[in-house]
C-alpha cells in the first residue's frame, strides 16, 4: 500500500517524458558509468536491517530530489502544489521507512504476472 502511495505521489508530480529531471551533464556521467558496468557494491546486499534502513532513507531522499527537479518545470501555484506534494510524500515515506524495508524484504523475488508472456 505504501509503495503504491509512493508511486502515485510521484506520478502526480507533473513528470512526463518531456520533463526530464536529469541534467545533460549528469546524463553524460551516467552513460560513462554504464559503459564501465555495474559497480561491485551493487552486487553486495545490505546485511543488516540498519544498513537496509540507511539505503531506504537514501533512496527516499533521492526520490525527493528528482520530484523537486521535476517541479521546477511548473509555474506559479502548480509549482507550489508540486513541491508541497513531493515534501509530503517524502515525510510520509521517511516516517514509514521501516515498513517500506519490511515490504521490500517480503517481496522475495516473486513476481505476479497478468498472464503468459507473448
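Throughout, read-outs are computed from the coordinates displayed, never taken from laboratory work. The structure displayed is predicted, hence computed values, not measured ones. All Cβ positions, even for glycine, are placed from backbone atoms using ideal geometry, and neighbour counts span all protein chains on display.
For region 47-106, the Kirkwood radius over C-alpha pairs fed into Stokes-Einstein at 25 °C and 0.890 mPa s yields D = 199 µm² per second. In a fully extended conformation the segment linking residue 98 and residue 65 would gain 9.8 nm over its present Cα-Cα distance, using 0.36 nm per residue. By the beta-carbon count within 10 Å of each Cβ, the least crowded to most crowded order of 70, 93, 38, fewest first, is 38, 70, 93. Using R0 = 35 Å, the C-beta based FRET efficiency linking residue 46 and residue 81 works out to 0.50.
The distance between label points at residue 91 and residue 73 comes to 2.6 nm (points 7 Å beyond Cα on the Cα→Cβ vector).
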